[in-house]
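Here it is, the structure in full.
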Amino acid sequence: MDLPPWRVQAYALSALVAVAAVFAVVAVRGFGPPNCGRCYLHWDYAGVTDRLKSAGFTGGTIIADDHHVGGNLRTYFRDSRLFTLKFEDFAPPRRAAANGGETKGQCLMIWDAAQDGPELPEDMLGFARIRLGVHVDEAQAPGLIELPYRHSTKRFLKLGYVLFPGGSGSCY
């Protein structure tokens, strides 16, 4: 079957446009500005945990602005309970420490400082005050954790945190 020349040209042009579009998408994704929808998969949570332990957090209640951050930290602080602003109606049960007694009662608030800035976000502060009765004046100065992404030297995670001492509000 013979095709008219204009139809062959239209097919060739369509194939050329499709190939050019694929190259353009690959170039933008590879060389364009960093845009990562699942960057938390490359965050060094073991490094974050080491920094939090160095700052004095040993366990208690973790309040995270994002459930990915909180959930990954929860694997390192197994006896801690976790609240996230994403699911603020969920109230985790009280957990006992491994020795059968009460947990230490510290309260850690942690957020994405690259997105929200280095100061404690008002929504997190309000949540801790209303839901847990945390006394804001007991908080340490906000800290900042900056670590490179795993397998990258160009991208960095930036997490802000505030640590409340044991016995603040109903952090246990």
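Please go through segment 93-118 and give me each residue that is over 18 Å from residue 136 (Cβ atoms) and either among the small types (Gly, Ala, Ser) or modelled with pLDDT of 70 or more (or both), ordered by number.
96, 97, 98, 100, 101, 112, 113, 114, 115
Moving to a separate point now. Please go through segment 1-58 and give me each residue that is small (Gly, Ala, Ser) and modelled with pLDDT under 85, ordered by number.
Within segment 1-58, 24, 27, 30, 32, 37 meet the criteria.
The values are calculated or read from the model by the stated rules, or taken from the named source; none is laboratory data. Note that this is a predicted model, so its numbers are computed, not measured. Every residue, glycine among them, receives a Cβ derived from its backbone with ideal geometry; neighbour counts consider all protein chains shown.
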